[in-house]
Amino acid sequence: MNPDTQQEPLLAYSARPNTAARQDTLPGRYRWWVMAISMAAFSLAFVGWLNESWLYLFESPIWLNRYTEYAIILAFGLWRIRAEQNPYTRKRLIILVTVVTGFWWLIPWLMPMFEPYAGYVWSQPVFPALHTPGTLTFFLTLLLVFLFGRRIICGFGCPCVGVRETVGFPFRRFSLRGDWAWRLRHTKWFFFIWYVGVMVATQFPPNAWTATLVGMFALVVGLTYFGTFFITPITGNRFYCRYLCPFGATFGLLNHAGFSASRWTLNSASTVGAASRPATWVSRCGNKARPQAKSPASRIVWAAPVASSPVPPMR
């Protein structure tokens, strides 16, 4: 058998107990009160969205509206940055929390700016209107993903990832694994096709049909985004990003057409022994991250990519 195509069996990784003051690359087991605080923060973010969308009980620049989630990301992000032991992840978290706090919270709150846009959007977009098709931020983000890969937004600037990386980190060990979990990732293409329909619909004057299409899309995205907070103890912290996010699917598809690609293959070890599938990060110049020797503790450790790789390997 060709040694280059032979697949080695994966080693199962058993999460080890961790304190709230220590986090590293591999998933750990956290005390019940740490997970309870995280679930309370998820609940507060959900109530903020619910109040701004339907209840209208409070009018405050931060309390119980969209900015509540960003304030939670900042608070939990400071904890994650201090507790994180992996140098690369710590730097990434610093950038992620800074971008979410500055661009998604403080600028829209203190200096709201209307964005130029193409088409007929459902409301006047305010910077940064990343998730509204046709806006300046939307097109600039697509260009950045094409040039540098989807990690430029999903790893360093997306609040959807930010809340799950900071608040949801204690639940990472519950991430779905196995062949069925790998196949389940295709569910996001349904939401991607719907999102493409929204992109097309917003380029024409609205009518009853397009208003329903866009309105239902916004409702379903909101319900799945915030609803998955409450199944985090069952599905892990990145369930929405992996299986339901139409924006991540868009960036992932563009990622493969651009200059930097993150591909999953069957012939390499994964960052975590119990991951749903082994991963290989590949740049357009063909470099690969290579697994090192496996330790007795069933850990699989990544070697650094070669110097010409533009970004670190996917976790």
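Filtering region 99-125 to residues that are closer than 29 Å to L213 by Cβ, outside any strand (DSSP E or B) and out of contact with any helix residue (DSSP H, G or I) (no Cβ under 7 Å at 6 or more places or on another chain) leaves F103, P108, P112, M113, A118, G119, Y120, V121, S123, Q124, P125. The single residue among F191, F114, F138 that is surrounded by fewer than 19 Cβ atoms within 10 Å (Cβ to Cβ) and either touching a Cys at 6+ places or on another chain (Cβ under 9 Å) or over 29 Å from R29 (Cβ atoms) (or both) turns out to be F114. Of all positions in region 168-178, at least one carries a residue that is among the hydrophobic types (A, V, I, L, M, F, W, C), modelled with pLDDT of 90 or more, closer than 19 Å to I72 by Cβ and assigned to a helix (DSSP H, G or I).
Of all residues in region 73-88, those satisfying the criterion of being within 19 Å of the chain's Cα centre (by Cα), assigned to a helix (DSSP H, G or I) and not charged (D, E, K, R) are I73, L74, A75, F76, G77, L78, W79, I81, Y88. Of the candidates R185, R173, R164, the single residue that is surrounded by 14 or more Cβ atoms within 10 Å (Cβ to Cβ), without any contact (Cβ under 8 Å) to a residue 60 or more places away in the chain and among the basic types (K, R) is R185.
The values are calculated or read from the model by the stated rules, or taken from the named source; none is laboratory data. The structure displayed is predicted, hence computed values, not measured ones. Note: ideal-geometry Cβ built from the backbone for every residue, glycine included; neighbour counts use all protein chains shown.
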